[in-house]
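Shown next, in structure tokens, is the structure this report addresses.
The values are calculated or read from the model by the stated rules, or taken from the named source; none is laboratory data. Remember, predicted model here, so these are calculated numbers, not experimental data. Cβ sites come from the backbone with ideal geometry, for glycine too, and all protein chains shown count toward neighbours. The area values use the complete protein model at the heavy-atom level, side chains included, leaving out ligands, DNA and RNA. Shrake-Rupley method; radii C 1.70, N 1.55, O 1.52, S 1.80 Å.
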Amino acid sequence: MYDNNVKFSLWCDFIEREFLDNEFLELLNKEIINGATSNPAIFKSAFSSSQAYKESILKSDKRHPKSIYETLATQDIKMAACKMLKNYVNDDDGFVSIEVDPNLSDDTNATIEEGVRLHASIGMPNVMIKVPATKEGFTAMSALMAKGISVNATLIFSPEQAQNCLDVFEAGAEIYKRRFPNTPLPKGVISIFVSRFDRLLDEKMAQKSLPKGQIGIMNAAKIYHIIQDRNLPNVRALFASTGVKGGELRADYYVRELMYENSINTAPLDTIKEFIKEKATPKKAPSKESIESFFEVVNNADIDMNFAYKELLNDGLKAFVVAFEDIMKTLK
């Protein structure tokens with residue numbers, strides 16, 4: 001764990017086969033990271049640019065592209081899980097996430113079936129199944145957790161989404177606990193997306209003479225308080241979408257600003273490299289009162305957060321679907 005004193009974890013938002021055998025191990029051994037996340041866009045980049053997959057793809061013959069994708073992705077996820085098993089056994093996170101096919105985000109049963117199948121095929125206890133936080137996804141999250149499968153709820157933009165995640169995580173964990181009373185509960189993380197708010201709204205904020213680079217942080221802090229107040233023993237806040245695009249903010253801005261107690265930050269590899277160059281100090285989240293005051297000002301400036309929540313969720317779902325479809329084309 002990056003900072004044991006405040007239980008702050010740093011996870012790497014990147015998976016690629018040669019990286020797992022080299023730099024990933026170095027980061028683990030130096031106790032800089034203790035977890036990893038993946039998504040279709042990450043695998044798209046890995047499969048299309050890394051030589052490590054070329055031979056496997058060529059040998060795949062005429063198999064369906066999704067079958068090839070799952071073989072390659074689950075191999076990488078299993079590699080990462082094996083390398084972090086010691087962390088997991090020592091209760092030092094050690095999780096790696098794999099996302100269900102984003103085309104299933106509106107199909108509860110198909111999401112459950114795929115999540116169970118992926119988890120079984122990898123066969124490691126420290127794998128999280130990543131599920132988008134849609135109406136259908138919430139039900140799937142609860143069902144997966146009831147089966148003892150750890151879940152990463154992704155594409156969280158709104159407080160309402162976070163509340164729903166907490167409700168279904170609690171319900172699923174209760175079912176599991178009744179069935180297996182003397183075993184550890186499956187874990188859940190609620191992946192709060194951060195930087196996309198600033199990329200969407202900073203121009204409007206500046207036009208209203210409001211600070212840039214703040215709305216994503218304050219929204220994340222608001223959701224963090226909701227998760228902390230609920231105090232579920234097997235659930236933590238995870239800050240995602242923490243890379244910086246453009247030169248106005250320092251590259252590790254969203255990691256440094258969100259070093260909150262009992263939280264996780266999953267960051268791109270380049271962001272992690274910048275972050276470790278200089279000592280960082282944990283921070284306290286802004287008070288609920290200051291967050292409420294901030295969003296009153298935002299609302300009075302005619303910036304519609306509900307519209308932003310919906311737009312960012314829709315854009316996130318579409319981006320994952322496009323990345324997944326691009327992988328399918330690459331593997332044909």
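Dimensions of the stretch 190-332 along the principal axes, based on C-alpha atoms and rounded to the nearest Å, stand at 53, 36, 35, largest first.
How large is the charge dipole for the chain, taken about the Cα centre, if only the Cβ atoms of Lys, Arg (+1) and Asp, Glu (-1) carry charge, to the nearest 20 debye?
Working: 41 positive and 46 negative charges, 113 e Å.
Approximately 540 debye in magnitude.
Rg and Dmax of the stretch 1-145, based on Cα coordinates, read 15.6, 52 Å. Heavy-atom accessible surface of residue 101, to the nearest 10 Å², is about 10 Å², with a 1.4 Å probe and all protein chains retained.
May I ask you to give the percent of accessible area on the stretch 250-332 that is carbon plus sulfur, with a probe radius of 1.4 Å?
Values: 2290 of 4530 Å².
Taking all protein chains in place, the stretch 250-332 shows 50 percent carbon and sulfur surface.
Taking each of 204/318; 187/222; 78/187; 7/245; 66/86 in turn, the alpha-carbon distance tops 26 angstrom for 7/245; 66/86.
Measuring nothing but protein heavy atoms, the accessible surface of the stretch 127-196 at 1.4 Å probe radius is 51 percent carbon and sulfur.
Report the local net charge at residue 288: Lys and Arg +1, Asp and Glu -1, summed over other residues whose C-beta lies under 10 Å from its C-beta. Walk me through the intermediate numbers first.
Values: positive: 222; negative: 229, 289, 292.
Net charge around residue 288: -2.
Order 250, 256 by their accessible area, 1.4 angstrom probe, all chains in place, largest first. Walk me through the numbers on the way to the answer.
Numbers: 250 110, 256 30 Å².
So the residues, ranked largest to smallest area, are 250, 256.
Computed with a 1.4 Å probe on the full set of protein chains, the accessible area for residue 287 sits at about 50 Å².
Taking the solvent-accessible surface of protein heavy atoms with a 1.4 Å probe, what is the per residue accessible area of the stretch 182-332 in Å²? Mind dumping the intermediate values first?
On the way: 7460 Å² over 151 residues.
It amounts to 49 Å² per residue over the stretch 182-332.
The tail of the calculated P(r) for the chain beyond 35 Å holds 18 percent of all Cα-Cα pairs. Taking only the Cα atoms of the stretch 103-233, the radius of gyration and Dmax are 16.7, 56 Å.
The GluC sites (Glu not before Pro) of the stretch 59-118 include none that DSSP puts in a loop with a beta carbon having at most 10 other beta carbons within 10 Å. By a 1.4 Å probe calculation restricted to protein chains, residue 281 has an accessible surface near 100 Å², given to the nearest 10. In this rough spin-label picture, where each label sits 7 Å from Cα along the Cβ direction, the residue 322-residue 61 distance is 3.6 nm.
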